[in-house]
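J.: Would you mind keeping the following structure in view while I ask a few things?
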Amino acid sequence: MTLVHNLSEHRVRVLLDTGSQIPVVSLYKAREWNLPVQRRTEPRLILAFNKTPDEAGGQYFTDYLVLRHQENHCTRLSFELTDMDDECDVILPQWWMAQHQPSNLFGRPEEIAFESVYC
């Protein structure tokens, strides 16, 4: 997948997470790529997978960005920002997957397809 902002395109490693409820992008990558970031006056409570508060999360979010997930299919999303390990850049939540219905999840990454009526 590719994250698009202005004239910049960034290939992203995406975790499709059925346990997540919000789209998230790495705070480190957002800074590296100069994404448009907003800071909240009151941080939003973001819980980690183990239900503990995410200390880095909830303070920042992005303006709407374009996520291209097929040759000519794009989604506009605003992302929460938090510290992430170096294995992925973006987490997409369950509601996004329900909307786009990815298939071929267990093949090679380039074989994942988004063929729902929505797409």
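The values are calculated or read from the model by the stated rules, or taken from the named source; none is laboratory data. On a predicted model such as this, the values are computed, not experimentally measured, just so you know. Note that each Cβ is placed from the backbone with ideal geometry, even for glycine, and that neighbours are counted across all protein chains shown.
J.: Considering only residues of the range 74-97 that are farther than 15 Å from Leu3 by Cα and in contact with a Phe, Trp or Tyr (Cβ under 9 Å, 6 or more places away or on another chain), which is surrounded by the most Cβ atoms within 10 Å (Cβ to Cβ)?
T.: Here the residue is Thr82.
J.: Turning to a different aspect of this structure: Step by step: first the residues of the range 1-11, then only those that are aliphatic (A, V, I, L, M) and not in a loop (DSSP other than H, G, I, E, B), then the one that is farthest from Gln94 (Cα to Cα). Which residue is that? Working first, answer last.
T.: Let us first name the residues in the range 1-11 that are aliphatic (A, V, I, L, M), namely 1, 3-4, 7.
Those left that are additionally not in a loop (DSSP other than H, G, I, E, B): 3-4.
On the way: Leu3: 19, Val4: 22 Å.
Among residues in the range 1-11 that are aliphatic (A, V, I, L, M) and not in a loop (DSSP other than H, G, I, E, B), the one farthest from Gln94 (Cα to Cα) is Val4.
J.: Also, I was wondering about something else. I'd like to check which strands (runs of 3 or more DSSP E) are fully inside the range 12-67 and have at least 1 residues that are loosely packed, with under 12 Cβ neighbours inside 10 Å.
T.: Working: elements: 14-16, 24-26, 37-39, 60-62.
Correct list: 37-39.
J.: I'd like to verify a number: residues in the range 100-114 that are in contact (Cβ under 8 Å) with a residue 40 or more places away in the chain and either of a type in the set (D, E, K, R) or surrounded by fewer than 13 Cβ atoms within 10 Å (Cβ to Cβ) (or both), how many?
T.: 1
J.: Would you please list the contacts, defined by Cβ atoms under 9 Å and residues six or more apart or on different chains, that run from a residue in the range 24-35 that is over 21 Å from Gln94 (Cα atoms) and of a type in the set (Ser, Thr, Tyr) to a residue that is surrounded by 14 or more Cβ atoms within 10 Å (Cβ to Cβ) and at pLDDT below 95?
T.: From the range 24-35, the pairs are Tyr28/Met84.
J.: Within the group Met97, Met84, which residue is in a helix (DSSP H, G or I) and either without any contact (Cβ under 8 Å) to a residue 12 or more places away in the chain or among the aliphatic types (A, V, I, L, M) (or both)? Show your work before the answer.
T.: Values: Met84 fails: in a helix (DSSP H, G or I).
Criteria check complete, one pass: Met97.
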